[in-house]
Amino acid sequence: MKTRAVQFLEAHQSGERSTFVADAQWRHENASWLRRSRGVALAIIDYMQDNNLSRNDVAARLDVSPQYVSKILSGKVNFSFKSIAEIEDRLGIDCFRAAMVGA
């Protein structure tokens, strides 16, 4: 006889295979730029906290959507040097230094 916990798990299991291994491999292969992206995200978060700004406020200053700011703050954006420079210029912060510290 199955326990209630086993019955619950069987009733709620996904029909799709897990992508855990593939996701972990992707993170491992992209670890270098992901660390730098998190550094940029942390620099922006510090800026937001220091200036009491919301994601919408930052989006307006960067002339992007709030959804893109959320993506940036996730630390998973593969930035170009140009996009980092634009963020730095518009916000008046040094993201590159923060990105390199996070490396």
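Applying a length cut-off of 20 Å (Cα extent along the axis) and a mean Kyte-Doolittle floor of -1.0 to the DSSP H helices of the chain leaves 31-50. If I model a spin label as a point 7 Å beyond the Cα along the Cα-Cβ vector, how far apart are those points for Leu9 and Asp46 in nm? Inter-label distance under the simple model: 4.4 nm.
A Förster radius of 35 Å, combined with the Cβ-Cβ distance separating Asp63 from Asp23, puts the computed FRET efficiency at roughly 0.65. Counted over all Cα-Cα pairs of the chain, pairs farther apart than 24 Å make up 40 percent. Using r as the Cβ-Cβ distance of Ala85 and Asn30, and R0 as 22 Å, what FRET efficiency do you calculate, to the nearest 0.05? Plugging the Cβ-Cβ distance into 1/(1 + (r/R0)^6) gives 0.50.
Take 73-85, 20-32 and order them by the average number of nearby Cβ atoms within 10 Å per residue, most first; the result is 73-85, 20-32. For Asn78, put the label point 7 Å out on the Cα→Cβ axis and report which residues of region 31-47 keep their amide N under 12 Å from it. Output list for this probe position: 31-34.
Every read-out reported here was derived from the displayed coordinates using simple, explicitly stated rules and does not represent laboratory data. These numbers were taken from a predicted model, which means no experiment stands behind them. When we count neighbours, we look across all protein chains shown, and the Cβ atoms used for this are built from the backbone with ideal geometry, even at glycine.
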